[in-house]
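Q: Here you go, one structure.
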Amino acid sequence: MYRVLSFLTLFLITACSPPEFFSENESDQNEWSEEILSPAEDKKVLLIFIDGLIPSAIELSETPNIDALMVDSAWSMTGRAESTTISGSGWSSFLTGVHWDKHQVPDNDFTNPDFANYPHIFSQLKAGFPNSVVAGCQSWQPIESGMVLPAEPDFSAFHNYYDYSDDYWDEASADSLCAQEVANFANESSIDLLVMMFAELDGVGHQSGFGAEYETYQAMLRKTDTEIGLITDAIKARPYYADEDWLIILSTDHSGEPELHHGANIPEHRLIPFIMNGPSVMPGEIWPPPQTVDIVATALTHLGTYPVEGSDGVPVGFESSSPPTAKLGENLIFNGDAEYERGYFGYESVPDASLPGWYDPGFFTVVEYDSPEGYPGVMDPGPSDRGENFFAGGWVTSDSYATWEVDVSNIASDIDGGANWNLSAWLGGYLDQEDSSTVTVLFLDEFGVTLNSNSIGPVTASDRSYLTGLLERTKTGAVPVGTRKVQVRVDAFRATGYNDGYADNLSLVITTE
């Protein structure tokens, strides 16, 4: 199944369903009707967006206000941005909660965005609570005209980034003016949702060096941090702040590095910070790492309503989370069936799927069965319990791969006493093309030294009788004594065209029988 948290349904039913009571007093009924048009009085959200924020820069720079948000927070420094790592895509996903194949902004052109079906979070909140009060400030005209103004915010300001881009350090910069506007909006007693979009860190990165180690980049982050403090101080100065439940989420659209800046589908550009602060969050690292699209779902859940139909995000940070614990007799591979994320319709003009919890360096992705253009379908050879999706090599004319690593030290005594492993997967490809996949298991000691490795696959075109589909491959063996970690690597090998090495239902089970 897709990423669904069981608590979400219960929470929303509890938060949004009318109370079970009957009243003969019409004024009582009208009073209740007005109450449910707004979020609970104590529930508030501030979203902070910093364009081009590199996770390591938070540690390297003097950022006391961001550091304060990290205290008792739910957090990840390996969240996932859109695979385009371009600001147009990232801003749109941050504000709508869907990937770019839905909001239709793959770049910075905004040629044909679909903000009607996937609107700004302001519109999504007002769809659930028409009387909610929303406010924000940002500096990019396509976002202002295409998303913010149609949402009809109660309080809104716009300071055009390009009017101030000659001098990011001036007190009248777009970010500084917006921060003051949002701080003023925070004084509104009935405010429910605030959104602050910082843009100038990315601009400084492109001008003076895009990297966490650059002093100019750090200096702009320090300036941004001061402006964040202006907003959070205004929130804390609210008369009823002690009785309010503020959720503050801080994230970005992409990361970056010195050589390419950003725009590539690589971890250096795609891994981003994701920080949640407030009394309702469960402190600790969020696992699996969240995505940009999770921000809208998380914020709306806190406020007590639903995201737009078709949302790609899920609420995170409200419950304890950690990597799965290794257990004898159970599959050690997280998301081995590719069902944790939604699949995409093939490769072209769609995002590259994130593989949460896995190391995914590039274009290895997740595709939905029966996608157009001849991808494997439910009637083609494959597992009987194939679900909705399968893994695929991706939109690249080279090989691709992803790895999953699990700590098995908690079953060390069983392993050292004599244990066996069983590795299985369904592997395949497209028609007569020789694109293929393999799955390799590596048994590592406590220092990461490989003790042994074994592979299954590939399934050749001849094996498939030159038909599109997947066939099962299995192998068993003895787990080496001293194994403390296990790494599973899926390789998709490209021979022709784009990479059509396929895999599904990956399983690695350790037993002592």
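The values are calculated or read from the model by the stated rules, or taken from the named source; none is laboratory data. Since the structure is predicted, the reported quantities are computational estimates derived from the model, not experimental observations. A quick note on method: Cβ atoms are made from the backbone with ideal geometry, for glycine too, and the neighbour counts reach across all protein chains shown. Remember, those area values only see protein heavy atoms, side chains included, never the ligands or the DNA or RNA. Shrake-Rupley method; radii C 1.70, N 1.55, O 1.52, S 1.80 Å.
Q: If the requirement is being in a loop (DSSP other than H, G, I, E, B), touching a Phe, Trp or Tyr at 6+ places or on another chain (Cβ under 8 Å) and open to solvent by less than 60 Å² (accessible area, probe 1.4 Å), which of these qualifies: Pro376, Pro381, Pro372?
A: Pro376
Q: Please tell me if Asp243 is among the charged types (D, E, K, R) and surrounded by 21 or more Cβ atoms within 10 Å (Cβ to Cβ).
A: no
Q: Return a yes/no flag: does region 399-407 have any residue that is touching a residue at least 40 places away in the same chain (Cβ under 8 Å) and over 30 Å from Trp100 (Cα atoms).
A: Yes: region 399-407 contains one or more residues that are touching a residue at least 40 places away in the same chain (Cβ under 8 Å) and over 30 Å from Trp100 (Cα atoms).
Q: Within region 293-338, how many residues turn out to be under 24 Å from Ile36 (Cα atoms) and charged (D, E, K, R)?
A: 1
Q: In region 321-345, which residue that is small (Gly, Ala, Ser) and modelled with pLDDT under 95 is farthest from Ile415 (Cα to Cα)?
A: By that ranking, first place goes to Gly343.
Q: Tell me the residue from Asp202, Asp225 that is part of a helix (DSSP H, G or I), of a type outside the set (A, V, I, L, M, F, W, C), under 20 Å from Pro55 (Cβ atoms) and open to solvent by less than 10 Å² (accessible area, probe 1.4 Å), please.
A: Asp225
Q: Okay, moving on. Does region 347-354 contain at least one residue that is buried (at least 21 other Cβ atoms within 10 Å of the Cβ), among the aromatic types (Phe, Trp, Tyr) and under 23 Å from the mean Cα position of the chain (by Cα)?
A: yes
Q: Which condition number in (1) among the small types (Gly, Ala, Ser); (2) over 24 Å from Glu330 (Cβ atoms); (3) without any contact (Cβ under 8 Å) to a residue 60 or more places away in the chain is the one that Gly429 fails?
A: (3)
Q: Exactly one condition in (1) outside any loop (DSSP other than H, G, I, E, B); (2) open to solvent by less than 20 Å² (accessible area, probe 1.4 Å) is not met by Ser56; state its number.
A: Condition (2) is where Ser56 drops out.
Q: Give Glu181, Glu152, Glu188 a once-over and let me know the one that is open to solvent by 10 Å² or more (accessible area, probe 1.4 Å), among the charged types (D, E, K, R) and over 24 Å from Gly304 (Cα atoms).
A: So the residue among Glu181, Glu152, Glu188 that is open to solvent by 10 Å² or more (accessible area, probe 1.4 Å), among the charged types (D, E, K, R) and over 24 Å from Gly304 (Cα atoms) is Glu181.
Q: Of the numbered conditions (1) open to solvent by 20 Å² or more (accessible area, probe 1.4 Å); (2) part of a helix (DSSP H, G or I), Gly263 satisfies every one except a single condition; which is it?
A: Of the numbered conditions (1) open to solvent by 20 Å² or more (accessible area, probe 1.4 Å); (2) part of a helix (DSSP H, G or I), the odd one out for Gly263 is (2).
Q: Give just the number: which of (1) modelled with pLDDT of 95 or more; (2) surrounded by fewer than 20 Cβ atoms within 10 Å (Cβ to Cβ); (3) in contact with a Phe, Trp or Tyr (Cβ under 8 Å, 6 or more places away or on another chain) does Thr96 not satisfy?
A: All conditions are met except number (2).
Here is a yes/no grid of residues against (1) out of contact with any strand residue (DSSP E or B) (no Cβ under 6 Å at 6 or more places or on another chain); (2) among the charged types (D, E, K, R):
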site: Gly203; (1), (2): yes, no
site: Glu213; (1), (2): yes, yes
site: Tyr217; (1), (2): yes, no
site: Thr226; (1), (2): yes, no
site: Pro239; (1), (2): yes, no
site: Leu247; (1), (2): no, no
site: Glu259; (1), (2): yes, yes
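Q: Here's a follow-up. Being of a type in the set (Val, Ile, Thr) and buried (at least 23 other Cβ atoms within 10 Å of the Cβ) is the filter; apply it to region 62-85 and report the residue that is farthest from Ala151 (Cα to Cα).
A: Ile66
Q: Which residues, taken from region 284-307, are within 19 Å of Lys43 (Cβ to Cβ) and either open to solvent by 10 Å² or more (accessible area, probe 1.4 Å) or of a type outside the set (Gly, Ala, Ser) (or both)?
A: Asp294, Ile295, Val296, Thr298, Leu300, Thr301, His302, Leu303, Thr305, Tyr306, Pro307
Q: Further question on the same structure: Hey, among Asp163, Asp175, which residue is within 18 Å of Leu53 (Cα to Cα) and either surrounded by fewer than 24 Cβ atoms within 10 Å (Cβ to Cβ) or among the charged types (D, E, K, R) (or both)?
A: Asp175
Q: Is there a residue in region 258-279 that is among the charged types (D, E, K, R) and over 16 Å from Leu53 (Cβ atoms)?
A: For region 258-279, residues among the charged types (D, E, K, R) and over 16 Å from Leu53 (Cβ atoms): present.
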